[in-house]
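Contents: one structure, followed by commentary.
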Amino acid sequence: MPETVGTGARLVIVGGGGFRVPLVHRALADGPFAGLVSDVVLLDARPERAHAIARVLEALPPSGGPRPSVRVEDRLEDALEGADIVFAAVRSGGAEGRVLDERVALDVGLLGQETVGAGGISYALRSIPDMMRVAGAMRTVAPDAWLINFTNPAGMVTEALSVVLGDRVVGICDSASGLVTRAARAAGADLRGGLAGVDYVGLNHLGWLRALDDGGTDRLPGLLADPVRLAGFEEGRLFGPDLLRVLGALPNEYLFYYYFHREALRSIRSADRTRGEILRDQQRDLYPRLLATDEPLEVWETARRERESGYLAEARAAEEERDEADLAGGGYERVALQVMRALLTGRTAELILNVRNGRTFPGLPEDAVVEVPSVVDATGAHPLPAAPLTPHQLGLMSAVKAVEQDTIRAAVHGDRDAALRAFAGHPLVDSFHAAGRALAGYEEAFPALRESWVG
């Protein structure tokens, strides 16, 4: 019998109409997380989406363990009442917002991607104010609750929220943990002892795996020197043996946009539709179908597989499909629930998380949020010691962190100059004129952005 932990906690999911919410609920009803939560509250800016997802949750097959109750609330304050854990996965502006993030950048000759470059800055300028309202309401209605943030861009949003919530906010992402899982499998490394031998450093969507030590032997150099094994998993194919030999590390998949910027931009610009347009079209009728069908779980599962198979498609050949192991390599719901269990019960967990830097990397501000192996317990998430950054790693992280902090200032204080500085300073924006045109394009696409500036 798997170990279970029963706390009877109340979980509030902000963005409860989100596509991946059933993954969280399914994990709560089975295995080591069964009984951790007794009540789930769904809140979404579009309540009909939350009701559609609630139908999927109701259709999940019984697991033999206790199933949390589910209800939908329409008001933030009502949803937060009595909350122990708030899980936030909000897409500010919806699918149409993502399309505009991508298209405005492409229209001025820049990379169009939702969390990287100009598109990521635009997304943050919307998501940070929305999430700051959630944090403010938590301070009033549920001051003792923890916030687990999956709202993108996760690093920037978490850093902004830490000003309001302090250490009671933890940022998560499945990208880094998926990389470690796939690399360990390919290298034959046994990491069942935890993250003690995992050397991963970076920011959200910008990091490197530098060691895989499973008990005195670092398995990573052998993996990086073996083209056959590299070809057996996603990041190995993505970056190729030549670049990996030069780096001596395995980059997070999102670094494809930096190391192969021209190729990524050419691929995205030549496509008939952006990734956001594909997802928008896939899901245009999904929620009405979930509300109308007698088989909501089957409809959702089919859509999930279609969605996951197209992830980072611009980095693959037209005929190449994602491996089953790559599709299953991450598991953000498992990361979220391990954090949740540690916060609620004090049972420690080691995970790669977005946490306050402190003294982890002296070359970065102490209040900066970084993505590193961390230990979580009832007091929060705390970064584990890390080896010094290489000059290349520190240089790229410093440049992007400066952009992130300017973006946060722009979003929180309505500072247009900070926004322009963020666009102009990003390594993937190669012209101040292009930066100005991008900002003007986003102001036209999102009138509320122009209205947010102070002075």
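Checking D130 against (1) part of a helix (DSSP H, G or I); (2) closer than 20 Å to R10 by Cβ; (3) among the acidic types (D, E): exactly one of these is not met. Which one?
It fails just one condition, (2).
Say whether the condition of being touching a residue at least 40 places away in the same chain (Cβ under 8 Å), in a helix (DSSP H, G or I) and within 21 Å of P373 (Cβ to Cβ) is met by at least one residue in the stretch 210-217.
Taking every residue of the stretch 210-217 in turn, none turns out to be touching a residue at least 40 places away in the same chain (Cβ under 8 Å), in a helix (DSSP H, G or I) and within 21 Å of P373 (Cβ to Cβ).
This table checks each residue for (1) of a type outside the set (D, E, K, R); (2) part of a helix (DSSP H, G or I); (3) under 24 Å from P385 (Cα atoms).
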| site | (1), (2), (3) |
| --- | --- |
| A189 | yes, no, yes |
| G194 | yes, no, yes |
| G202 | yes, no, yes |
| G222 | yes, yes, no |
| R245 | no, yes, no |
| F256 | yes, yes, no |
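Of everything in the stretch 424-447, what is in contact (Cβ under 8 Å) with a residue 24 or more places away in the chain and of a type in the set (F, W, Y)? Give them in sequence order.
Passing the criteria: Y442, F446.
Within the stretch 366-388, track down each residue that is assigned to a loop (DSSP other than H, G, I, E, B) and either surrounded by fewer than 15 Cβ atoms within 10 Å (Cβ to Cβ) or more than 23 Å from the chain's Cα centre (by Cα) (or both). Walk me through it before giving the result.
Pass one, the stretch 366-388, residues assigned to a loop (DSSP other than H, G, I, E, B): 366-368, 378-379, 384-388.
Residues satisfying the conditions are E366, D367, A378, T379, P385, A387, P388.
I'd like the residue in the stretch 9-33 that is modelled with pLDDT of 85 or more and part of a loop (DSSP other than H, G, I, E, B) and, out of all such residues, is surrounded by the most Cβ atoms within 10 Å (Cβ to Cβ).
Here the residue is G16.
Does any residue of the stretch 162-177 turn out to be in a strand (DSSP E or B) and within 20 Å of A402 (Cα to Cα)?
Yes: the stretch 162-177 contains one or more residues that are in a strand (DSSP E or B) and within 20 Å of A402 (Cα to Cα).
Taking the stretch 409-455 as the search range and keeping residues that are over 21 Å from D107 (Cα atoms), hydrophobic (A, V, I, L, M, F, W, C) and surrounded by fewer than 22 Cβ atoms within 10 Å (Cβ to Cβ), which one is nearest to the chain's Cα centre (by Cα)?
V412
Looking at the stretch 340-349, is at least one residue assigned to a loop (DSSP other than H, G, I, E, B) and of a type in the set (A, V, I, L, M)?
No, the conditions are met nowhere in the stretch 340-349.
Among the residues of the stretch 73-93, count how many are surrounded by 20 or more Cβ atoms within 10 Å (Cβ to Cβ) and either among the acidic types (D, E) or within 10 Å of L43 (Cβ to Cβ) (or both). I'd like the intermediate steps shown before the answer.
Start the filter on the stretch 73-93 by keeping residues that are surrounded by 20 or more Cβ atoms within 10 Å (Cβ to Cβ), which leaves 79-80, 83-93.
Filter once more, keeping what is either among the acidic types (D, E) or within 10 Å of L43 (Cβ to Cβ) (or both): 79-80, 84, 86, 88, 90.
Final tally of qualifying residues: 6.
Only one of (1) free of Cβ contacts under 8 Å to residues at least 60 places away in the same chain; (2) under 27 Å from L265 (Cβ atoms); (3) surrounded by fewer than 20 Cβ atoms within 10 Å (Cβ to Cβ) is not met by D406, so which one is it?
So the condition that D406 fails would be (3).
Does H392 count as surrounded by fewer than 17 Cβ atoms within 10 Å (Cβ to Cβ) and closer than 23 Å to Y258 by Cβ? Spell out how you get there, then give the answer.
Numbers: surrounded by fewer than 17 Cβ atoms within 10 Å (Cβ to Cβ): yes; closer than 23 Å to Y258 by Cβ: yes.
When the stated conditions are applied, H392 passes them.
The values are calculated or read from the model by the stated rules, or taken from the named source; none is laboratory data. Please read these numbers as outputs of a predicted model, since none were measured by experiment. Glycine also receives a Cβ, built like all others from the backbone with ideal geometry; neighbour counts cover every protein chain displayed.
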